[in-house]
1. Would you say Asp74 is of a type outside the set (A, V, I, L, M) and touching a strand residue (DSSP E or B) at 6+ places or on another chain (Cβ under 8 Å)?
2. Consider only pairs whose beta carbons are under 9 Å apart and that are at least six residues apart or on different chains; among these, list those whose first residue lies in segment 84-95 and is within 24 Å of Asp74 (Cβ to Cβ) and whose second residue is among the hydrophobic types (A, V, I, L, M, F, W, C) and exposed (fewer than 14 other Cβ atoms within 10 Å of the Cβ).
Amino acid sequence: INECIIGDPSTAKSQFLKWVANNVPRGIYTSGKASTARGLTATVTRDEDTGERTIEAGALMLADHGVCCIDEFDKMDIKDRVAIHEAMEQQTISIAKAGIKATLNARTSMLAALNPIGG
């Protein structure tokens with residue numbers, strides 16, 4: 001289940017999201033203003049010691065079987081919003097980068113909060 005809360009500024013949307021993230025098992029809170037597609041989904045990194053490439057989980061993968069709370073969703077870049085569509089629809093994240101091809105579970109509910117246009 002994915003939910004979107006729309007309300008005027010200073011109506012405690014952020015506090016509600018933080019409360020949910022703190023009181024739900026596997027709850028993750030992130031701000032849309034500071035989030036990127038990689039931070040929400042997953043990224044491929046190279047281990048400095050071994051040189052091997054690994055997948056680092058983003059907020060949606062960390063919240064698997066939990067809730068990912070995204071504050072200030074209206075301030076996210078459109079590219080970053082598009083990146084979470086697969087997770088919302090299919091409950092998976094597909095990675096095909098740097099020779100790594102994987103489909104990872106992101107069975108999470110999303111709770112997003114945003115201000116109305118002009119609000």
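1. Numbers: of a type outside the set (A, V, I, L, M): yes; touching a strand residue (DSSP E or B) at 6+ places or on another chain (Cβ under 8 Å): yes.
Yes: the conditions hold for Asp74.
2. Ile93/Ala102
Laboratory data are not the source of any read-out in this text; all were calculated from the coordinates shown. From a predicted model like this one, the values you see are computed outputs, not experimental measurements. Positions of Cβ are backbone-derived with ideal geometry, glycine not excepted, and every protein chain shown enters the neighbour counts.
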